[in-house]
1. Using unit Cβ charges (K, R positive; D, E negative) and no other charged atoms, how large, in debye to the nearest 20, is the dipole of the chain about its Cα centre?
2. Stretched out fully, how many nm does the piece from ASP30 to ALA255 gain, at 0.36 nm a residue minus the Cα gap?
3. First obtain the Kirkwood hydrodynamic radius of the stretch 135-176 from its Cα pairs, then insert it into the Stokes-Einstein equation at 25 °C and 0.890 mPa s, and state the resulting D in µm² per second as a whole number.
4. What is the distance, in nm, between label points placed 7 Å from the Cα along the Cα-to-Cβ direction at ASN128 and at ALA229?
5. On average, how much area does the Cα convex hull of the chain cover when viewed from any direction, in nm²?
6. Which distance in nm do the two modelled labels at VAL116 and GLU248 give, with both placed 7 Å along the Cα-to-Cβ direction?
7. Let a ≥ b ≥ c be the square roots of the eigenvalues of the Cα gyration tensor of the stretch 131-263; is it rounded (a/c under 1.5), or, if not, prolate (a/b larger than b/c) or oblate?
8. To the nearest 20 Debye, how big is the dipole of the stretch 155-212 about its Cα centre, given +1 on the beta carbon of each Lys and Arg and -1 on that of each Asp and Glu?
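What follows is calculated from the coordinates using simple rules that are stated; it is not laboratory data. Values in this document were obtained by computation on a predicted structure and should not be read as measured data. Cβ placement follows ideal geometry from the backbone for every residue including glycine, while neighbour counts extend to all protein chains displayed.
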Amino acid sequence: MTPVVFVHGLWLHHTSWQPWVDQFREAGYDPVAPPWPGEPDTIEQARADPGPMGGFGVGEVADHYAEVIGGLGAKPVVVGHSFGGLITQVLLGRGLAAAGVAIDPAPIKGVLPLPVSSLRVASIALRNPANLKGTVALTPDQWRYGFTNTRTAHEATELYERCAMPSPGRPLFQAAFANFNPAAATKVDLLRADRGPLLVTAGGRDHTVAPAISRYTAKLHRRSPAVTAVKEFPDRDHSLAINSDWREVSDYVLAWLKQQGVS
């Protein structure tokens, strides 16, 4: 069976992938959803003591997942959401993935659009330099704006209570200043011709990763002759991988992987 590695983004716990893990297993894959460095086993533990997660950046997280991949029997499909989508691209550029799916990914180095909504979400961490080494939590209102702006108030609250947790602030600083740093941790090998196929998704109403970021990300990857595809979900926000309509996204991903012969 083809292994699949799921990589979550900021403010979510690795167990948020469980519905995807179950579906991919039923589809014949061998999926895992490992935690980030320092991330505890449960979301309750992460909320109670987020300190051990503080200070980890994109490079450390990518290396952590590269180590996970090294313990598998074959190159996996890597599926990542938000900053997990950025990590997916780093791993794909290292030649470690058979295919990559970047769901509304955080911007890699070279992405130029900086929509106001995305800046507003990132500023939650950027306005306090102490967050570079610590963790950042979202208030219910910040979660509503950044993740669940298209959902009902009831679902937004339910998702916050079930899924939201503090996360390291360092990745947000790294992404924000990447285009001024030649050695940026968010730099991806965009020219690699032998990389696996890449699917980039865009949520048309995503405030955290506005669709312009996803479109520009795909544009950068088209410097390589390898397959790069884009799929926009026009009415989706940043919670598209965890909300009640998540199957629309996962079903599309499964169908795309089958088209690429990765099944």
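1. 1040
2. Extending this stretch completely gives an extra 79.3 nm.
3. D = 223 µm²/s.
4. 4.2
5. Computing the convex hull of the Cα atoms and averaging its projections yields 12.3 nm².
6. 2.6
7. Oblate shape, in that a/c is at least 1.5 and b/c is the bigger or equal ratio.
8. Dipole magnitude for the stretch 155-212 comes out near 280 debye.
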